[in-house]
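Here the structure comes first, spelled out in structure tokens, and everything after it is commentary.
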Amino acid sequence: MCGIIGYSGISSAAPVLIDGLKKLEYRGYDSFGIATIGDRIEVFKKQGRISTGVAGARTLPGTTGIGHTRWATHGVPDDKNAHPHVDCTGTIAIVHNGIIENYHELRKQLVARGHRFSSDTDTEVIVHLLEEEYHGDLLEAFKCAIPHLHGSYALLAIAEGDERIVAARQNSPLVVGIADQAVYAASDMTPLLQYTQNVVYLQDGDLATLSPGQLLVWNNGVPACRPIEKIEWTVEQVKKGGFAHYMQKEIFEQPEVFSDTIRTLRREEIPSRILREKAVTLVACGTSYHAGMVFKYLAEERCGIPVRIEIASEFKYYPSPTRDLVIGITQSGETADTLAALKQARAYQSPTLAVTNVLGSTITRTADHTLYMGAGPEISVAATKSFIAELAVLLHLVDAISRGELTKSLDGVNRAMEQVLLSSMDRAVDLCSEAAHIFFVGRGPFYPVALEGALKMKEISYIHAEGYAAGEIKHGPFALLSPRTPAVGLCFPGETYPVMVSNLKEMKARGVPLIVLGQEGDLDLEEFADVFIPLPEGDSVQHIFGATVALQLLAYHTAVRLKREIDTPRNLAKSVTVE
Ligand code: F6R
């Protein structure tokens, strides 16, 4: 996920662009850049945050320009990969949010036709395509170039000698703000609100030109009328996309993140060596460890390969002598324990694979291969969308190894999550917010989901929560059960359903208030649960995702009820770079 901005008006463009990029920085912050139209196209771009080293950009001349803040997906974060990108002649500049899926073949064709590339990005192909089609009118060049692009894009481009910005949108948000003598465009409303409340949402397939005070839109080659909408939100509200907290926003982004991740992965080649491995060891911490546990259950069941999962901080000092494939899972790519564990694995000459969200992070230089999750920046300390994206990568791997065993299930995951996002948690929150201790129980792949639910609950609500394999509760924790210790049970159709029901009833018999997540229409569960949270009909993979989302919402709303500092829980850090 990246942020883009455009301005065409009567004031100096550069300060407006820089200011806008600062507001979009939550969408990506590994590099940034702007381009303006002076006597020629002027570009300033740089690796790092906008707050650092921006002085040189503010002085760029001109009253029309475009800008970008990047979260790397193709090409490491550095100066040359930062946007805007320019064509071979330096007369067209472009910024892009999204992914060009066929960039590889386009790049080969463009290189063969003599174009010189100066970055490793997918975006750069677009500006060279425009260059080929440009004969004095950038809009016409867009009309010819766009049909060659497959994928998602929100694009803004400028050309020397033209005071317009040309915009295009496909599967990636782009909103235009209209003021008296200026027009703005951006990935979302955050940077626009201080200038105008009048906005136009461009739609898929739209091409538009922006010039001071004027927006013209075409779709499918014909002029299109897009209504101007009035936005009443405050700047602070919009920054979080209308959500109260980043965590809530990130929970709601999950269906989109999941689809993007799966779509991207399905085009990627997984090294054949990895697909042939006969055994796998996983190393990870916290939420990433739970994602690894889900992989273990499903890979063993569907691929028939033994999978071992190790807590990374233990593996470093007490490594299992292994020559298996070792997979390090880490959202940040910087977790010290996971890096150390992967180095340890290399010392044993095991092949290594990193699963991470951060392009160019340390783990990508430590492992032999990397699979990216593409969840975009996660601002809230508690991992939510990165967990879903980790599951997407790992289950895609199971699907690839098992030659399509999970394809159908994965195709239904999105719908399952979308429905759960609409669930009410009120009655469950009533029970949880009064408790000092909560148990989360599940079996099989729902055991790690229970662990993850308990982790989310404890880290943001500060209520002591324990995740257990349901069968283990009888082996000690039973001593703690009482009407003051609610339990959350994950009980879905499958082999363990009857024993799971028994386990929950045993708890109920000790007075435990039960919150049960099960499949909709399960009247038995509905009858004995104190609170029943129904998930849409589906298979176990879809229920894993649905239940995860439900438990994230439960933790979130409980913490809100208790007035906790949701996005920055006490004592925690987003990236744990020390042992
Ligand atoms: C929990 C959480 C942590 C991280 C853990 C590993 O919400 O965020 O448990 O999952 O610190 O972080 P990464 O995945 O960056 O290695």
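Out of all the residues in the stretch 340-349, is one or more within 14 Å of the ligand (Cβ to nearest atom), out of contact with any Ser or Thr (no Cβ under 6 Å at 6 or more places or on another chain) and not in a helix (DSSP H, G or I)? The answer is no; no qualifying residue exists. Screening the stretch 350-364 for residues that are of a type in the set (G, A, S) and over 20 Å from L397 (Cα atoms) and picking the one that is farthest from the ligand (Cβ to nearest atom) gives G360.
For the residues H135, H115, H104, H128, the requirement of being under 25 Å from D79 (Cβ atoms), more than 26 Å from the chain's Cα centre (by Cα), of a type outside the set (D, E, K, R) and surrounded by fewer than 23 Cβ atoms within 10 Å (Cβ to Cβ) singles out H115.
For the stretch 279-289, the set of residues classified as more than 8 Å from the ligand (Cβ to nearest atom) and either closer than 18 Å to L391 by Cβ or not in a strand (DSSP E or B) (or both) consists of A279, V280, L282, V283, listed by residue number.
Take A299 and decide whether it is outside the structural domain of Y29 (by TED's automatic domain parsing), more than 13 Å from the ligand (Cβ to nearest atom) and at pLDDT 95 or above. Yes. Contact annotation: residue pairs with Cβ atoms under 8 Å, 6 or more positions apart or on different chains, pairing a residue in the stretch 271-298 that is without any contact (Cβ under 8 Å) to a residue 60 or more places away in the chain with a partner that is away from the ligand (no atom under 12 Å from the Cβ) and acidic (D, E), are K278/D324; A279/D324; V280/D324; L282/E310.
You will find that of R276, R267, R226, the residue that is surrounded by fewer than 19 Cβ atoms within 10 Å (Cβ to Cβ), more than 16 Å from the ligand (Cβ to nearest atom), in the same structural domain as I379 (by TED's automatic domain parsing) and over 21 Å from the mean Cα position of the chain (by Cα) is R276 and no other. Would you please name the residue that is surrounded by the fewest Cβ atoms within 10 Å (Cβ to Cβ), looking only at residues in the stretch 365-410 that are within 16 Å of the ligand (Cβ to nearest atom) and either assigned by TED's automatic domain parsing to the domain that holds A72 or free of Cβ contacts under 8 Å to residues at least 60 places away in the same chain (or both)? Within the stretch 365-410, the match that is surrounded by the fewest Cβ atoms within 10 Å (Cβ to Cβ) is R365.
Of the residues in the stretch 76-94, none is closer than 30 Å to N220 by Cβ and modelled with pLDDT under 95. Residues that are under 30 Å from D39 (Cβ atoms) and more than 24 Å from the chain's Cα centre (by Cα) within the stretch 177-193 comprise G177, I178, A179, D180, Q181, A182, V183, Y184, listed in sequence order. In this structure, does L298 turn out to be in contact with a Pro (Cβ under 8 Å, 6 or more places away or on another chain) and part of a loop (DSSP other than H, G, I, E, B)? No: the conditions fail for L298. Checking L110 against (1) buried (at least 20 other Cβ atoms within 10 Å of the Cβ); (2) closer than 27 Å to S361 by Cβ, which single condition isn't satisfied? That leaves (2) as the condition not met. All of E334, E314 fail the test of being among the charged types (D, E, K, R), within 16 Å of the ligand (Cβ to nearest atom) and closer than 18 Å to S386 by Cβ, apart from E334. Restricting attention to the stretch 29-56 and to residues that are among the small types (G, A, S) and crowded, with 24+ Cβ neighbours inside 10 Å, the residue that is nearest to E163 (Cα to Cα) turns out to be A35.
Per-residue answers, yes or no, for (1) closer than 23 Å to C491 by Cβ; (2) modelled with pLDDT under 95:
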site: G376; (1), (2): no, yes
site: A389; (1), (2): no, no
site: L397; (1), (2): no, no
site: L421; (1), (2): yes, no
site: D426; (1), (2): yes, no
site: G442; (1), (2): yes, no
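Here G53 meets each of (1) within 19 Å of Q194 (Cβ to Cβ); (2) without any contact (Cβ under 8 Å) to a residue 40 or more places away in the chain with one exception, condition (1). Note on the stretch 21-42: residues that are in a helix (DSSP H, G or I) and modelled with pLDDT of 85 or more total 2.
The values are calculated or read from the model by the stated rules, or taken from the named source; none is laboratory data. Remember, it's a predicted structure, so these values are computed and weren't measured experimentally. Cβ atoms come from the backbone with ideal geometry, glycine included; neighbour counts cover every protein chain shown.
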